[in-house]
Amino acid sequence: MGRSGTKRIKRNILKYELIIRDEAELEIIEAVKYYESKQIGLGKRFLSHLKIYLKRIQTYPEHFYIKRNPYREAVLKKFPYLIIFELSENKVIVFSVFNTYQNP
């Protein structure tokens, strides 16, 4: 118990296994190269921002809406990118890290 007499409860948060498909890896690499060519350090900032979202997806995949069954989408706030993923049992599978300025 803490000083105030309250118990600290440790939450057990389930993390799903994160799988990034090869196509998504290539999209990430291309995005980092593109941003780095525009401004030194911007590619690194993009990657850091993306990692935050991937961690959120890995921890709380149900918080993201299903757009086209069974795929869920997470929109990055600071960059025009969309993460398309599927929740399958204990796995989160990332299929695409899509630039929303591109034509589908």
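Before moving on, here are some points about what is shown:
- Extreme residue, nearest to Asn90 (Cα to Cα), among residues of the stretch 12-48 that are in a helix (DSSP H, G or I) and touching a residue at least 60 places away in the same chain (Cβ under 8 Å): Ala24
- Those residues of the stretch 74-104 which are within 13 Å of Leu18 (Cα to Cα) and surrounded by fewer than 16 Cβ atoms within 10 Å (Cβ to Cβ), in sequence order: Ser88, Glu89, Asn90, Lys91
- Taking the stretch 49-104 as the range and being of a type in the set (Lys, Arg) and assigned to a strand (DSSP E or B) as the test, the residues that pass are Lys67, Arg68, Arg72, Lys91.
- Just so you know, in the stretch 30-61 the residues that are surrounded by 15 or more Cβ atoms within 10 Å (Cβ to Cβ) and of a type in the set (Ser, Thr, Tyr) include one that is farthest from Leu18 (Cα to Cα), and it is Tyr35.
- The stretch 58-78 - residue that is under 18 Å from Phe95 (Cβ atoms) and in contact (Cβ under 8 Å) with a residue 40 or more places away in the chain and, of those, farthest from the chain's Cα centre (by Cα): Pro61
- Residue within the stretch 75-91 that is of a type in the set (Gly, Ala, Ser) and closer than 19 Å to Ser48 by Cα present: no
- Residue, nearest to the chain's Cα centre (by Cα), within the stretch 84-100, restricted to residues that are closer than 19 Å to Leu42 by Cα and β-branched (Val, Ile, Thr): Val97
Since every read-out is calculated from the coordinates, none of them should be taken as a lab result. What you see is a predicted model; the values in this text were computed from it and never measured. Here Cβ is always computed from backbone atoms with ideal geometry, including for glycine, and neighbour counts include all displayed protein chains.
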